[in-house]
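Quick notes on the structure that follows.
The values are calculated or read from the model by the stated rules, or taken from the named source; none is laboratory data. Computed from a prediction, not measured in an experiment: that's the story for all the values here. Backbone-built Cβ (ideal geometry, glycine too); neighbour counts: all protein chains shown. Areas reflect the complete protein model, heavy atoms only, side chains present, ligands, DNA and RNA absent. Shrake-Rupley method; radii C 1.70, N 1.55, O 1.52, S 1.80 Å.
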Amino acid sequence: MLSTLGTGAAAAALLLGSALPTSTPRWGDDPPAGKIVIDVATVNGSGCRPGSAAVAVAPDNTAFTVTYSEYLAQAGGASKPTDGRKNCQIALNVHVPQGFTYAVARADYRGYASLAPGAKGLEQANYYFQGDPHTARATHTFSGPYGTDWQTSDQTDVDQLVYAPCGEERYFNINTELRVDGSQADPKATSYMAMDSTDGSINTLYHFAWKQCPATR
């Protein structure tokens, strides 16, 4: 099951450095030494038009990041009703070295929020392998006044990790959503939550858990 770690300003101080960490926690076996390639198969949603999401793999193969450039939900001011909810669905084709499989042990979601007094913000996400029913959606809420970076972390218990089937290619699907509710705030005030970045410094980080397939042991 997913456990949630650190919501709000206190957690925002974590992982706010470079786009890819120099070292990260490790779950399972040591990462493979071979090259890992991640292709973005499909991108859908009001928060991420095609071409507005980029993926990068950490040099030590312990994690990968997704960086968005246009992911923002807002309410109040001149906002339209449809601006209050944005979502993004990404299907990734993860190519790993032969003899290895992977799970995602933890996901760190990051962004910036500006919420007027009375406004509410919400971030929720889940991820799963194509054709696998095992999925859980974690939700995090924020309340105005709020005006700083935010970070949420969802971690899966080690005994609950779901690995990609050995020897098969399955898309890894990531679904995220941002919502802003300004109905209890000053209607002239614009409130927003963003999961985007103009300089690559804000991203979502997915930590790999690696395992060698039985035939290679």
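For this structure, a couple of remarks:
- Test: residue in the stretch 83-98 that is modelled with pLDDT of 95 or more, open to solvent by 40 Å² or more (accessible area, probe 1.4 Å), out of contact with any Gly (no Cβ under 6 Å at 6 or more places or on another chain) and of a type outside the set (Ser, Thr, Tyr): yes
- Count of residues meeting criterion [open to solvent by less than 70 Å² (accessible area, probe 1.4 Å), in contact with a strand residue (DSSP E or B) (Cβ under 9 Å, 6 or more places away or on another chain) and not hydrophobic (A, V, I, L, M, F, W, C)] in the stretch 40-82: 16
- Residue match in the stretch 178-189 (condition: surrounded by fewer than 20 Cβ atoms within 10 Å (Cβ to Cβ) and at pLDDT below 90): no
- Given (1) touching a strand residue (DSSP E or B) at 6+ places or on another chain (Cβ under 7 Å); (2) farther than 30 Å from Tyr102 by Cα, index of the condition Ile174 fails: (2)
- Which numbered condition Val162 misses (of (1) under 26 Å from Val40 (Cα atoms); (2) modelled with pLDDT of 90 or more; (3) outside any strand (DSSP E or B); (4) aliphatic (A, V, I, L, M)): (2)
- Thr216 falls short on exactly one of the conditions (1) surrounded by fewer than 18 Cβ atoms within 10 Å (Cβ to Cβ); (2) of a type in the set (Ser, Thr, Tyr); (3) at pLDDT 90 or above, and that condition is (3).
- Check on Thr141, at pLDDT 95 or above and of a type in the set (Val, Ile, Thr): yes
- Entry remark, the stretch 104-135: residues being under 17 Å from the mean Cα position of the chain (by Cα) and either under 15 Å from Leu72 (Cβ atoms) or surrounded by fewer than 14 Cβ atoms within 10 Å (Cβ to Cβ) (or both) number 9 in total.
- The set of residues in the stretch 108-138 that are out of contact with any strand residue (DSSP E or B) (no Cβ under 6 Å at 6 or more places or on another chain) and modelled with pLDDT of 95 or more comprises Pro117, Gly118.
- Taking the stretch 44-86 as the region of interest, the strands (runs of 3 or more DSSP E) fully inside it that hold 1 or more residues being closer than 19 Å to Gly118 by Cα and in contact with a helix residue (DSSP H, G or I) (Cβ under 6 Å, 6 or more places away or on another chain) are 72-75.
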